[in-house]
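> Dropping a structure here in structure tokens format, bear with me for questions.
Values in this text are rule-based calculations from the coordinates and carry no lab data. Just so we're clear, the structure is a prediction, and the values are computed from it rather than from any experiment. Positions of Cβ are generated from backbone atoms using ideal geometry, with glycine treated the same way; all protein chains shown enter the neighbour counts.
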Amino acid sequence: MSANPKYSPMPDKRLIVIEKGQKRGRTLRKGSVIAEVGRHICFNAAVLDSFDVKGFKPLHYDMLVLCAAIEFADRRWKRPLGWRRTFDVAIPVIDLKTWQKPEVLKALQGVLNHLTGDAWRWTFVQAKNLSPIGTRQMPLDFGKAKTFAVAYSDGLDSRAVSALSGSEAEALCIRVAGNRQRRKNGDSYFTQIPFKVKGYRGNESSFRSRGFQFAAVTAIAAQLSGVTRVIVPESGQGALGPVLLPLHNIYADYRNHPTFFRKMERFIKAVLGYRVRFEQPRLWSTKGQTLRAFLNMVGKSEQHLTSTHSCWQTRRVVNVGGRKQCGLCAACLLRRLSLHAAGVNEAPGTYIVSDLAASDAADALSVIPQKADRDIMVEYGSVGARHLQHLADMSVLPDENIRVHASQISAAISENYEDTLKKLRTMLITHAEEWRAFLSAQGDQSFLKSWMDGGRNG
């Protein structure tokens, strides 16, 4: 059964997910790509068995296969210049009756189309293996005192907002990662995600569907533990900035935007019959304000923040004299800006590109051995810096220039439009003040200032 309207464009990306050991059909349409469970979608049995808690259903396993299939498709096919792709995905599911409900198909298509900017068609078929979970041994101890769930990463917002939202005993922290991660000082409890996707050749790096994966897996954990509140840790710049200022010719990034979470809530309710609420307690705060609030808590120190990781760059770029953060990508710049606003000084050597006060970007990047990598860093850094500058510039725009954004947000969070506009304006003003202070701290000769004045290479 398909979720697509009658007049949808013909799909040009076809993915067929098959069960482990299943033979490929002879009537596959030309151009179809196969993803086999056990080969391309790999479940870690030890981790999957840990989900042996009361209430775990085959439907949850179907959801995990769905998340993996979406990741495979999203990463497998490179985007065209016009951004939009059209997918046709067939997936074997255990609970076929649920997945064929019109409201489930409509909600699934709606949330993914909005999130990724692509068009998705779905065909669900009956799975032959109705017991894929295997022998269960170690139950996942969610505990009885959990009051909220949070998709937990290694970043500043996750560390700070999970603590600000409640005690460690109350937080169900779910780390969306393929490999087991060591707990660090200040970490709340987390568990590992039980699947890994491979074989997609990494043709596309945008990976907008990761937001769906984060939300879906966290919602499963929330339902299993009887929690209805899901905390989204992203602060204002990260949640709203990518939609307020989308890059040229690139679809706006809704991964942490309220409109995405409202659509995700509708999908979760339709498919799981469970009502969760994705809350964004720091939506109107800058990351710097969030970090200051964290440091004002009893028992919290700067070390709890400096032990986190924010960098987007590949290992080849940052493995210079040990694993570090690049210091210049958009994520690193926002991190450094926010820690500066919170009055936190990081240790020397934290970043590959450590000296932002250098007058010549070439000098600051000289530690990176490969010219191609240095060129990539200049591109990432200049784009990221200008994004932060343009976000600051929005603070002085007239109301009519941000009215459409305030209207969209107010509808999504069910708040009065005027109040939303005022809060959005205040967040932008605070960001502008923090950004100006950060640039000033680098000095008048900083290559960052040169970039703001129109130069890119210092």
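> Taking neighbour counts of Cβ atoms within 10 Å as a proxy for exposure, in what order, fewest first, do His390, His248 appear? List each step's numbers first, then the result.
On the way: His390 13, His248 5.
Least to most surrounded, the residues fall as His248, His390.
> Could you name the aspartates and glutamates in cross-link range of Lys449, using Cα to Cα under 16 Å and dropping any fewer than eight places away on the same chain?
Qualifying aspartates and glutamates at Cα under 16 Å: Asp355, Asp360, Asp363, Glu379, Asp393, Glu433, Glu434.
> Of the listed peptides 344-356, 376-388, what is their order by residue-averaged count of other C-beta atoms within 10 Å, with the highest listed first?
So the order, starting with the most tightly packed, is 376-388, 344-356.
> Can I ask one more? For region 13-126, just say rounded, prolate or oblate: build the C-alpha gyration tensor, square-root its eigenvalues into a ≥ b ≥ c, call rounded for a/c under 1.5, and beyond that prolate if a/b exceeds b/c, oblate if not.
The shape class here is prolate.
> Given a cut-off of under 8 Å on Cα pairs at least six residues apart, what relative contact order in percent is computed for region 13-126?
29 percent
> Distance check, please: which entries in Lys78/Lys196; Lys57/Lys128; Lys198/Lys287; Lys101/Lys269 exceed 23 angstrom between their Cα atoms? Please report the intermediate quantities before stating the final value.
Working: Lys78/Lys196 20 Å; Lys57/Lys128 16 Å; Lys198/Lys287 33 Å; Lys101/Lys269 12 Å.
As for pairs spanning more than 23 Å Cα to Cα, those are Lys198/Lys287.
> Under the classification rounded if a/c is under 1.5, otherwise prolate if a/b is larger than b/c and oblate if not, where does region 316-458 fall, given a ≥ b ≥ c as square roots of the Cα gyration tensor eigenvalues?
Because a/c hits 1.5 or more and a/b exceeds b/c, region 316-458 counts as prolate.
> When the dipole is taken about the Cα centre of region 310-452, and only Lys, Arg (+1) and Asp, Glu (-1) are charged at their Cβ, what size is it in debye, to the nearest 20? Please list the in-between numbers first.
Values: 15 positive and 16 negative charges, 104 e Å.
Roughly 500 debye for region 310-452.
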